[in-house]
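Taking it in order: structure first as structure tokens, then the write-up.
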Amino acid sequence: MELQSIWFFLWGLLWAIFFMTDGFDLGIGTLYPILGKNEEKKRVMINAMGPLWDGNQVWLITAGGVTFAAFPIVYAVMFSSLYTALMLILFALIIRGVSFEFRGKLDDPRWIKIWDTCIFVGSFLPALLFGVAFANIFQGIPIDGDGIFQGNVLALFNPYGILGGILFVLLFVQHGAIWLAIKTDGELHENAVRISGKIWPILLAVAVIFLVYTKFATDLYDNYLANPVLFLVVLLTVAGLIGSRIFMAKQEFFKAWFSSALTIVGTTFFGVIGLFPNLFPSSLDPAYSLTAFNASSSPLTLKIMLVVVVIFVPVVLAYQIWAYNLFKTKVNTQEMTY
Amino acid sequence: MDALFLSRLQFAATTMFHFLFVPLTLGLSIMVAWMETRYVKTGDETYLKMTKFWGKLFLINFAVGVVTGITLEFQFGTNWSIYSAYVGDIFGSLLAIEATAAFFLESTFIGVWIFGWNKLSKKAHAGVAWLIAIGSNFSAVWILIANAWMQSPVGFTIRDGRAELVDFFAVITQKFAVVKFIHTVTAAYVLAAFFVMGISAYHLLKKRHVHFFTRSFRAALTFGLVSSLVVFILGDLNGVVVAEKQPTKLAAMESLWETQTRAPVYLFTWPDEKNERNSIEIGAIPGALSFLTKHDINAEIRGLRDFPPDERPPVLITSFAFKGMVGLGCVFILLTVIGWFKRNKLLESPKYLKIMLYSIPLPYLAVQLGWLLTEVGRQPWIVYGLIRTSDAVSPIATSQVAVSLVGFVVVYSLLGIAGFSLIAKYAIKGPDFDDTEEDTQPGAALDASAA
């Protein structure tokens, strides 16, 4: 396989890991106003993701950084053409990130209220916007031959884009509810299990509609039709979705979480495989599309970065798995940090 | 007001704001890790209390630093897309390495450190503190290598209308990067040391937790003294590499208009950019500039008039930032040297303590001036000699940038106020323990007699 193709899939992998890890804490933040019915429940929810969210978020920085390193032209065109959407995500992540640390530092209901709002907005908005952005990338962005964006930000909220946003929110909320079920007991645990059960059929319906709509809104299926074996990815994704339901019913929460993780990774790869070799297709003219081959870095940079990623990503995964394992036990309400 | 101007303003605002929090993270992470290590080694509870108290301030500061850093990673793409496409082959990889090799380390282990007190052994927990310190400082390595490349591009060739990497080793080991890294991180250590000394001074003036804060003060004093000397020496070396690589920046920081041998250093100048001269020049030290930058009193230094006006940086900001930074650097050495002589009688030196309390903002000012000098002095280039800032901006609507800029100013102002108020609140409150018992500890007497 050429270097560019390897990098294309690494690029997809990093986004997938970001959605898989940060997805659950964005989901918990989205559920925060619904399940956080009193102060103790809110604090348990924050403490359930407290030790892990920061490390999760670095996958976004890495996905962005790797886009810059391996496909600088994509980095340049993607982020300048999606300027307003990306800025909204950044603002959301900023106010969310400080909320966890700031919230408990002043004993004033108004102060706490501010950060409660920030936790919700800062979680829901990125979940939605990442979905909207990726769905729009799947169907193509109006960029011209110079990589200049010829649309406006509101046009991103077309039906397919919105559907992608809803899909991401539901995926993350499901993922977050399962993590909460793992990390809590008592009423909050039961509510998390119940809400996961309620979301599941909606998620399934949205996922099916999305898969069908994709046929009409995008060219993603072309690669699948050329190589039908790739439909395995779709099957695995659906299997993950069904698995999460079955394991939740059996109260095997870790297995349910891994199934949900598989669904998220599968959904990301469903899009990434369909896009190949496009990273940022133009809806104006396929000739303007940015691909793994016309937008990549030099072979030397790709090689050096490959060495870096092959060494460090497994190392990072190893210590993050260690950290997850350290904090997999239920939140102890007697010794909550936040 | 166009997208270029607003993008520059936004970059300056977001970067400078980010750097209000980064230096304390760089320095205090090391001090906290050291305190926790001392606790593990000696079993002395005071060190544990120090770890917790300074750790709490560290974490509030860290939170703002982290979230404001995310913006920077993406801003090259959003606002400087032409730049990103042109230099991404080199610059992008440095940022990606920073994220994978360093930022993960600090961000993953910060959670472990905060939540892991009862889950890890004492030793392992202290080890985690070191991983955070190493991660954040290692982050700085890559960011500063990237910035050094913008100041002094090396190891590349121009191919297909962009800069492509040819020698990675040259990029990461160039003298400019090494000097810049040491200068910047030691400046951050000075800031953190003054932070700890200033807050300790506050409590010592009130005679609260005397043992606790004397020990904190003295630890920070040693750290601060060494760092302020290193930062000064490296600042001098920085001048040498700037003279070699960025002659326009050198001329602007000294507001030197005429090319001359035995070039002087002025203690004060007021540059008049329109008439290409200084309207005020005070305290010339002949030959000093030649000597400092070329180590030869007779060396020729090129003046600004030697360069076309459209290749000169703004002289007033560059020269004022430089002189302010150097002046403050001298003050830090002076204050830490005085502190060294007073280290065993801090309580009897209320004036000194008061000065140290009010000195907390000075290193903040100094590091901001340092970056102002670095970045404004590089203008009109975004990569020195290679691509102009005005050619690097994204083809985006002015209104978009205007809206995001206003958003940043509002959100960051509120964050800044909230962050610094919380730090002040918890700093003033002091550590959570009753100090009536502490002077009876045998460690107190021992500590006072140790050098």
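The values are calculated or read from the model by the stated rules, or taken from the named source; none is laboratory data. This structure is a prediction, so every number in the text was calculated from the model and none was measured. Cβ: placed from backbone, ideal geometry, glycine included. Neighbour counts: every protein chain shown.
Values computed for the structure shown
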item: Search result, residues across the stretch A:319-333 that are more than 8 Å from chain B (Cβ to nearest Cβ), within 18 Å of A:M20 (Cα to Cα) and free of Cβ contacts under 8 Å to residues at least 12 places away in the same chain; result: A:I321, A:W322, A:N325
item: Pair list, Cβ under 8 Å, 6 or more apart: the stretch A:289-301 residue at pLDDT 90 or above, other residue of a type in the set (K, R); result: A:S298/B:R159
item: Lone qualifier among A:I89, A:I95 - being in a helix (DSSP H, G or I), at the interface with another protein chain (Cβ under 8 Å from one of its Cβ atoms) and more than 26 Å from B:K119 (Cβ to Cβ); result: A:I95
item: Qualifying residue in the stretch B:162-178 (condition: buried (at least 19 other Cβ atoms within 10 Å of the Cβ) and over 25 Å from A:F68 (Cβ atoms)); result: no
item: Top-ranked residue in the stretch A:288-308 [being facing chain B (nearest Cβ under 7 Å) and touching a helix residue (DSSP H, G or I) at 6+ places or on another chain (Cβ under 6 Å); ranked as surrounded by the most Cβ atoms within 10 Å (Cβ to Cβ)]; result: A:S297
item: Residue match in the stretch B:336-348 (condition: within 21 Å of B:H18 (Cα to Cα), assigned to a helix (DSSP H, G or I) and among the aromatic types (F, W, Y)); result: no
item: Criterion (out of contact with any Ser or Thr (no Cβ under 7 Å at 6 or more places or on another chain) and buried (at least 16 other Cβ atoms within 10 Å of the Cβ)) met by exactly one of A:T329, A:T268; result: A:T268
item: Lone unmet requirement of (1) touching a residue at least 40 places away in the same chain (Cβ under 8 Å); (2) assigned to a helix (DSSP H, G or I); (3) crowded, with 22+ Cβ neighbours inside 10 Å for A:D22; result: (1)
item: Residue check, A:V316 within 14 Å of chain B (Cβ to nearest Cβ), in a helix (DSSP H, G or I), touching a helix residue (DSSP H, G or I) at 6+ places or on another chain (Cβ under 6 Å) and farther than 30 Å from A:N152 by Cα; result: yes
item: Complete set of residues in the stretch A:136-151 that are in contact (Cβ under 8 Å) with a residue 60 or more places away in the chain and either in a helix (DSSP H, G or I) or away from chain B (no Cβ under 12 Å) (or both); result: A:I137, A:F138, A:Q139, A:G140, A:I141, A:P142, A:G145
item: Conditions (1) under 30 Å from A:L317 (Cα atoms); (2) under 18 Å from the mean Cα position of the chain (by Cα): number failed by B:Q75; result: (2)
item: Of the criteria (1) assigned to a loop (DSSP other than H, G, I, E, B); (2) more than 30 Å from B:L205 (Cβ to Cβ), which one B:K323 fails; result: (1)
item: Out of B:T51, B:T68, sole residue that is facing chain A (nearest Cβ under 9 Å), assigned to a helix (DSSP H, G or I), surrounded by 24 or more Cβ atoms within 10 Å (Cβ to Cβ) and not aliphatic (A, V, I, L, M); result: B:T68
item: Verdict on A:S282 being facing another protein chain (nearest Cβ under 9 Å), buried (at least 20 other Cβ atoms within 10 Å of the Cβ) and closer than 28 Å to A:N136 by Cα; result: no
item: Test: residue in the stretch A:106-115 that is of a type in the set (F, W, Y), farther than 27 Å from A:W7 by Cβ and more than 8 Å from every other protein chain (Cβ to nearest Cβ); result: yes
item: Test: residue in the stretch A:167-177 that is surrounded by fewer than 20 Cβ atoms within 10 Å (Cβ to Cβ) and closer than 18 Å to A:M45 by Cβ; result: no
item: Filter result for B:I158 (assigned to a helix (DSSP H, G or I) and either within 13 Å of chain A (Cβ to nearest Cβ) or buried (at least 18 other Cβ atoms within 10 Å of the Cβ) (or both)); result: no
item: Single unsatisfied condition, A:E2 versus (1) more than 30 Å from B:D160 (Cβ to Cβ); (2) among the acidic types (D, E); (3) out of contact with any Leu (no Cβ under 9 Å at 6 or more places or on another chain); result: (1)
item: Subset tally (residues that are within 11 Å of another protein chain (Cβ to nearest Cβ) and part of a loop (DSSP other than H, G, I, E, B)) for the stretch B:372-429; result: 6
item: Matching residues in the stretch B:80-127 - criterion: being in contact with a Leu (Cβ under 7 Å, 6 or more places away or on another chain), at the interface with chain A (Cβ under 7 Å from one of its Cβ atoms), outside any loop (DSSP other than H, G, I, E, B) and without any contact (Cβ under 8 Å) to a residue 40 or more places away in the chain; result: B:G111, B:V112
item: Hits in the stretch A:152-190 - residues which are touching a residue at least 12 places away in the same chain (Cβ under 8 Å) and not in a helix (DSSP H, G or I); result: A:F157, A:N158, A:T184, A:D185
item: Hits in the stretch B:376-405 (condition: over 22 Å from B:D89 (Cβ atoms), crowded, with 18+ Cβ neighbours inside 10 Å and of a type outside the set (G, A, S)); result: B:V376, B:Q379, B:I396, B:Q400, B:V401, B:L405
item: Condition check for B:A187: crowded, with 22+ Cβ neighbours inside 10 Å and without any contact (Cβ under 8 Å) to a residue 40 or more places away in the chain; result: no
item: Selection count, the stretch A:64-119, where residues are surrounded by fewer than 22 Cβ atoms within 10 Å (Cβ to Cβ), free of Cβ contacts under 8 Å to residues at least 60 places away in the same chain and of a type in the set (G, A, S); result: 0
item: B:G77 within 8 Å of chain A (Cβ to nearest Cβ) and either closer than 30 Å to B:L415 by Cα or among the β-branched types (V, I, T) (or both); result: yes
